[in-house]
Amino acid sequence: MEKGKKNIRVISWEKQNMNLTYDKLQDLERRLGDSWYILDLDRFVANYNDFLAAFRKYYPNTQIAYSYKTNYTPLLGKTVNELGGYAEVVSEMEYLLAIDIGVQPENIIVNGPYKPYRALELYLESGSVVVLDSYQEYKDTIQIAKSNHGKPLRVGLRCNFPLSGYPNSRFGFDINNPKFYDIARELSLNNNIVLEGIHSHFPYRDVNTFYERVERMFEVYDNVSEFCDLKFIDMGSGLGGRTSDELVKLLGIKKVDYQDYADVVAHQFQKRFGAGEQAPQLIMEPGTALVADTMSYICKVIEIKKVGDSNIAITSGSKVNYHSRTSKLNMPIQVYSDGHQASDHLDSADISGYTCMEEDYIYRAYQGNLKIGDYIRVDNVGSYSIVFKPPFINPNVPIIAYSKGSYDVIKEAEDFEYVFQLYKRKTK
Ligand SMILES: Cc1ncc(COP(=O)(O)O)c(C=O)c1O
């Protein structure tokens, strides 16, 4: 085996769907340990296709740039690449991942407010689209263009504007400052630079915000088009994921699907540009919308004890594996029990995590049957979960991917060596 390369185990067996049973979970535990994530790749592919179809129904020139920061599991980026989508990255680490898994530099959009000079140079000279976020980045780009004798450098501009009812964003250029158009003009006049597009992103999931977002971006497009032919308008994300009725109720949100966003965004693009040759590409950067419902987290009940009147169930899992430890959300859970053994009905049990933080509860006031050895499954943990997981108390657990009836280990369990390899440990 090559030095440094891990021997990735493959688990495969006949499986028609992800309808997990206690026996299947027990089988997986033998291979993986007592907690792990499952990525439903088939569901991710369906989400990708449904999302694109909803937008292309109105506006065929729509493209997806998958947001790596939301969940940078390499298999996801690879799958998007195979499906013809772009990568949306915000750091050199994410950029190098995209390159590593075979994404062509031309199909990478680099966003974000921090682009060190050397990294900026790498992105630009490789032929990726860099969405400039600040005046300093603009100046650095002009500098890089001076010494660049290759292909013209491809850039976009992140637009910042107020959205009614929401606080100001801290990203990008204030479009109400005349300097914004000065910069756009300077970029378009530079022989070594191509200003290809404009970009905006807000995290607000409310579909109605997109009327205003699109309107503002069309205004910017019209103004910039007076001196430059733009190839794309990137509307970012802030798009909600597919959610069960139970989760919608819990989060107190309105149920939305891709079609709701397409009905506003893509429909406006269709009305404004038609499908003609001159129609700019509409780029959407979904992360949450594609990945949130594709990942589940499994852990196991290792003890049930009484403290005063309360039942405390301790598990091999933790809220830090998928949420911030301070989150009070009782995410819906499913309990898998060995049907051959008697189970106690608990009127109320607090299902807790392995960390030493008092607030680490996976589920509070659980009512139902529960016993030691049961598995707990938490769904909808695909977005901002593994990427935010710190090696707090325990390293992170493996990830398996489910597709077409079989499971593959796509990330090994982190271990002692993984966490401590960069520390100086030995004293002389
Ligand atoms: C520029 C940009 N694009 C896309 C995303 C993905 O957002 P979401 O998780 O709402 O899909 C983010 C998230 O912060 C972002 O900053």
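Is there any pair with a first residue in region 117-129 that is under 17 Å from residue 187 (Cβ atoms) and a second that is buried (at least 17 other Cβ atoms within 10 Å of the Cβ) and among the small types (Gly, Ala, Ser) whose Cβ atoms are under 6 Å apart and which are 6 or more apart or on different chains, and what are they?
129/156
Picking from 130, 103, 155, which residue would you name as being within 14 Å of the ligand (Cβ to nearest atom) and aliphatic (A, V, I, L, M)?
130
Any idea which of 237, 327 is within 28 Å of residue 43 (Cα to Cα), free of Cβ contacts under 8 Å to residues at least 24 places away in the same chain and in a loop (DSSP other than H, G, I, E, B)?
327
Run down 210, 227, 161 and say which single residue is at pLDDT 95 or above and either open to solvent by 50 Å² or more (accessible area, probe 1.4 Å) or away from the ligand (no atom under 16 Å from the Cβ) (or both).
Exactly one of 210, 227, 161 is at pLDDT 95 or above and either open to solvent by 50 Å² or more (accessible area, probe 1.4 Å) or away from the ligand (no atom under 16 Å from the Cβ) (or both), namely 227.
Can you find even one residue in region 138-154 that is aromatic (Phe, Trp, Tyr), open to solvent by less than 10 Å² (accessible area, probe 1.4 Å) and in the same structural domain as residue 237 (by TED's automatic domain parsing)?
no
If we scan region 339-350, do we find a residue that is part of a strand (DSSP E or B) and open to solvent by less than 10 Å² (accessible area, probe 1.4 Å)?
For region 339-350, residues part of a strand (DSSP E or B) and open to solvent by less than 10 Å² (accessible area, probe 1.4 Å): present.
Here's a check for you: in region 255-274, which residue that is more than 16 Å from the ligand (Cβ to nearest atom) and not in a helix (DSSP H, G or I) is nearest to residue 207 (Cα to Cα)?
255
Please go through region 218-243 and give me each residue that is of a type in the set (Ser, Thr, Tyr) and farther than 13 Å from residue 200 by Cβ, ordered by number.
Scanning region 218-243 gives 225, 243.
Among the listed residues 138, 123, which satisfies the condition of being more than 13 Å from the ligand (Cβ to nearest atom), part of a helix (DSSP H, G or I) and within 22 Å of residue 65 (Cα to Cα)?
Of 138, 123, the one residue that is more than 13 Å from the ligand (Cβ to nearest atom), part of a helix (DSSP H, G or I) and within 22 Å of residue 65 (Cα to Cα) is 123.
Within region 402-428, which residues are hydrophobic (A, V, I, L, M, F, W, C) and farther than 19 Å from residue 382 by Cα?
If the condition is that a residue be hydrophobic (A, V, I, L, M, F, W, C) and farther than 19 Å from residue 382 by Cα, then 416, 419, 420, 422 are the ones that fit.
All but one of (1) among the polar types (S, T, N, Q); (2) closer than 23 Å to residue 385 by Cα; (3) in contact with a helix residue (DSSP H, G or I) (Cβ under 8 Å, 6 or more places away or on another chain) hold for residue 111; state the number of the condition that does not hold.
(3)
Quick check: is even one residue across region 247-254 closer than 14 Å to residue 54 by Cα and open to solvent by 10 Å² or more (accessible area, probe 1.4 Å)?
No, region 247-254 contains no residue that is closer than 14 Å to residue 54 by Cα and open to solvent by 10 Å² or more (accessible area, probe 1.4 Å).
What residue, of 407, 418, 402, 384, is assigned to a helix (DSSP H, G or I) and either surrounded by 13 or more Cβ atoms within 10 Å (Cβ to Cβ) or in contact (Cβ under 8 Å) with a residue 40 or more places away in the chain (or both)?
Answer to the selection: 418.
Are any residues in region 164-177 away from the ligand (no atom under 16 Å from the Cβ) and open to solvent by 70 Å² or more (accessible area, probe 1.4 Å), and if so, which ones?
Listed by number, the residues that qualify are 164, 165, 174, 176.
Do you know which of the residues in region 66-92 that are within 15 Å of the ligand (Cβ to nearest atom) and assigned to a helix (DSSP H, G or I) is surrounded by the fewest Cβ atoms within 10 Å (Cβ to Cβ)?
Within region 66-92, the match that is surrounded by the fewest Cβ atoms within 10 Å (Cβ to Cβ) is 69.
Could you grab me the full set of residues in region 54-87 that are in contact (Cβ under 8 Å) with a residue 60 or more places away in the chain and over 14 Å from the mean Cα position of the chain (by Cα)?
Once the filter is applied, which keeps residues that are in contact (Cβ under 8 Å) with a residue 60 or more places away in the chain and over 14 Å from the mean Cα position of the chain (by Cα), region 54-87 yields 54, 55, 56, 57, 58, 59, 60, 61, 62, 63.
The values are calculated or read from the model by the stated rules, or taken from the named source; none is laboratory data. Only a predicted model underlies this, so the values are computations on that prediction, with no experimental measurement involved. Don't worry about glycine lacking a Cβ; one is built from the backbone with ideal geometry, like all the others, and counts go over all protein chains shown. Remember, those area values only see protein heavy atoms, side chains included, never the ligands or the DNA or RNA. Shrake-Rupley method; radii C 1.70, N 1.55, O 1.52, S 1.80 Å.
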